[in-house]
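Contents: one structure, followed by commentary.
Nothing in this text is a laboratory measurement; each read-out follows from the coordinates by a stated rule. Fair warning: this is a prediction, and the values are worked out from it, not measured in the lab. Here the Cβ positions follow ideal geometry from the backbone for every residue, glycine too, while neighbour counts run over all protein chains shown.
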Amino acid sequence: MSRIGQLPIQVPSGVSVNVEDGEVHVKGPKGELRQRFLSGEVSVSLYGSLVRVARNGNARQQRAAHGLTRTLIQNMVVGVTKGYRKSLELQGVGYRVTKAGEKLNLTLGFSHPVEYKAPTGITLTLEGQNKIHIDGIDKQCVGQVAAEIRALRPPEPYKGKGIRYEREVVRKKLGKAAKAGKK
């Protein structure tokens with residue numbers, strides 16, 4: 001039995017949850033989210049201010065969907081109440097970011113600046129010239145945007161230059177000269 005799937009989801013005041021035809025609608029102060037679930041695998045039911053997820057059998061697919069469905073609904077409830085944030089840092093000489101309207105202009109050591117436009121529902125804010133904050137209510141979308149921006153110039157292992165998550169530790173490798181000195 002899934003330990004995560006058994007836990008009920010507490011719905012805070014100001015948030016409404018509706019379940020109909022295998023689709024869950026969560027509406028709160030920050031916005032509204034919808035998610036479709038496999039109705040044959042699990043069933044979602046409301047008990048006052050509690051949401052419970054139960055699986056419809058004991059097959060492998062049903063057991064796998066049990067905890068996942070509960071976690072996705074919990075993420076939706078947290079998203080419409082508090083929201084999610086990921087932060088990125090630019091490290092390197094000359095690496096900087098500016099905002100032009102809804103687009104980010106990133107200078108990353110290429111011969112040209114790189115533009116990035118965020119999808120709807122995502123807010124990009126800058127702190128100085130080397131810090132980007134990504135905010136939104138959909139946890140998956142916030143993580144995806146952060147990964148796409150980081151992929152423009154991931155941190156390299158020799159000098160550590162590139163775009164990294166806040167508080168990410170990049171393990172540096174020894175260079176060619178350092179290896180030659182250790183005989």
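Side notes on the structure shown:
- Contact order relative to length of the stretch 91-163, as percent, for alpha carbon pairs under 8 angstrom and 6 or more apart: 26 percent
- Residues Asp138, Asp21 in ascending order of nearby Cβ atoms (within 10 Å, fewest first): Asp21, Asp138.
- Charge dipole magnitude, Cβ of K and R +1, D and E -1 - the chain, Cα centre, debye nearest 20: 1360 debye
- Cross-link pairs exceeding 18 Å between alpha carbons, from the set Lys117/Lys161; Lys86/Lys172; Lys30/Lys131; Lys27/Lys139: Lys117/Lys161; Lys86/Lys172; Lys30/Lys131.
- Angle in degrees between helix 60-81 and the longest Cα principal axis of the chain, rounded to the nearest 10: 70 degrees
- Pairs of C-alpha atoms in the stretch 3-81 farther apart than 19 Å represent 29 percent of all such pairs.
- Between 0 and 90 degrees, the angle of helix 139-151 with respect to the longest Cα principal axis of the chain falls at about 20 degrees.
- Relative contact order of the chain, pairs being alpha-carbon contacts under 8 Å that are 6 or more residues apart, as %: 17 percent
- For the stretch 3-81, a crude dipole built from +1 on the beta carbon of Lys and Arg and -1 on the beta carbon of Asp and Glu, taken about the Cα centre, is about 300 debye to the nearest 20.
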